[in-house]
Amino acid sequence: MVAVTKNGSKADIGGVVDTINKRVSGKNWKIQKTATARNQQPKQLRKNWDQRSKERARNDATKSLEKQLKAEKQAEKDAKRAVSLERKKLREEQERMEALAAKMSAKRLERLKRREARKKARV
């Protein structure tokens, strides 16, 4: 801030600096520091915003396509697994029914033999 004195000249108030080169503390012998350089890449490797956004969009498209392909592959794998599981269940059920049928026919044969034995015993 600058204040106007009685004689019309301007003077600093509260140690505020007029120019960039002067220091408030008066330690003019100290080295003037500059802002930290955040971009450490050489100029040839730097990319502007448009280039970065295009590259990001291209990468996103690639990733989404990859995800889609992976999902389709997983869906095919799950479908095959479901079909094979269904076949296995049907096969097990069929084997169980065959075993039951054999068991029932064996019981029936046993009953018939007993009947025959009773008939022979009567005669």
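The values are calculated or read from the model by the stated rules, or taken from the named source; none is laboratory data. If you're wondering where the values come from, they're calculated on a predicted model, not measured in any experiment. Neighbour counts run over all protein chains shown; Cβ positions are idealised from the backbone, glycine included.
Where residues in the stretch 33-53 are loosely packed, with under 10 Cβ neighbours inside 10 Å and assigned to a helix (DSSP H, G or I), which of them is modelled with the lowest pLDDT? Among those that are loosely packed, with under 10 Cβ neighbours inside 10 Å and assigned to a helix (DSSP H, G or I), it is Trp49.
Can you say whether Glu93 is modelled with pLDDT of 95 or more, in a helix (DSSP H, G or I) and out of contact with any strand residue (DSSP E or B) (no Cβ under 6 Å at 6 or more places or on another chain), as far as the supplied structure shows? Spelling it out, it is not the case that Glu93 is modelled with pLDDT of 95 or more, in a helix (DSSP H, G or I) and out of contact with any strand residue (DSSP E or B) (no Cβ under 6 Å at 6 or more places or on another chain).
Looking across Lys119, Lys113, Lys70, one residue alone is part of a helix (DSSP H, G or I) and either surrounded by fewer than 10 Cβ atoms within 10 Å (Cβ to Cβ) or in contact (Cβ under 8 Å) with a residue 60 or more places away in the chain (or both). It is Lys119.
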